[in-house]
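The values are calculated or read from the model by the stated rules, or taken from the named source; none is laboratory data. Because the structure is a prediction, the values reported are computed rather than measured. Note that each Cβ is placed from the backbone with ideal geometry, even for glycine, and that neighbours are counted across all protein chains shown. When the accessible area is computed, the model is the full protein with side chains, heavy atoms only, and any ligands, DNA or RNA have been set aside. Shrake-Rupley method; radii C 1.70, N 1.55, O 1.52, S 1.80 Å.
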Amino acid sequence: MDKKQALKIIHKKSESTLVSALGIKITEFGDDYICGKMPVDARTKQPFGLLHGGASVALAETLGSIGGGMQVDLKLYSVVGIEINASHLKSVKDGWVFGKAIATR
């Protein structure tokens with residue numbers, strides 16, 4: 001399967017989920033990484049007009065889970081996050097935030 005077809009499948013499976021509700025899009029992937037972006041808009045801001053920290057964590061968890069799922073046979077295994085820790089280093093008011101998850105062994 002080529003990358004374009006794989007991205008279509010990922011986006012189709014994300015319909016009617018938190019991923020689509022937050023506007024998260026997977027943009028690229030390789031053998032050991034996956035990239036995505038999320039808009040900073042009314043869906044992802046906290047009441048003070050800044051990107052909500054929980055939305056940032058949702059982007060990270062999404063990339064980690066989808067990336068992990070791409071590393072295993074999903075007919076035999078499930079991939080779920082068991083712990084996440086985040087530091088919010090800069091505030092964002094609009095535009096897009098981008099993420100990249102890299103598989104390590």
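Values for this structure:
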{"quantity": "Filter pass, Ser91 being of a type in the set (Gly, Ala, Ser), loosely packed, with under 14 Cβ neighbours inside 10 Å and more than 20 Å from Met1 (Cβ to Cβ)", "calculated": "yes"}
{"quantity": "Subset of the stretch 94-105 [in contact with a Phe, Trp or Tyr (Cβ under 8 Å, 6 or more places away or on another chain) and either among the acidic types (Asp, Glu) or open to solvent by less than 100 Å² (accessible area, probe 1.4 Å) (or both)]", "calculated": "Ala101, Ala103"}
{"quantity": "Unique match (being touching a strand residue (DSSP E or B) at 6+ places or on another chain (Cβ under 6 Å) and β-branched (Val, Ile, Thr)) among Thr104, Thr27, Thr17, Thr62", "calculated": "Thr27"}
{"quantity": "Pairs, first under 15 Å from Asp32 (Cα atoms) and among the hydrophobic types (A, V, I, L, M, F, W, C) in the stretch 54-67, second in a helix (DSSP H, G or I) and open to solvent by 40 Å² or more (accessible area, probe 1.4 Å), C-beta under 9 Å, six or more apart", "calculated": "Ile66/Lys13"}
{"quantity": "Subset of the stretch 51-82 that is under 12 Å from Val97 (Cα atoms) and not small (Gly, Ala, Ser) - its residue that is most open to solvent (accessible area, probe 1.4 Å)", "calculated": "His52"}
{"quantity": "All helices (runs of 4 or more DSSP H) inside the stretch 1-81 with 2 or more residues being touching a His at 6+ places or on another chain (Cβ under 7 Å) and at pLDDT 90 or above", "calculated": "53-69"}
{"quantity": "Pair list, Cβ under 9 Å, 6 or more apart: the stretch 3-14 residue free of Cβ contacts under 8 Å to residues at least 40 places away in the same chain, other residue surrounded by 10 or more Cβ atoms within 10 Å (Cβ to Cβ) and in a helix (DSSP H, G or I)", "calculated": "His11/Val19; His11/Ser20; Lys13/Val19; Lys13/Ile66; Ser14/Ser20; Ser14/Thr62; Ser14/Ile66"}
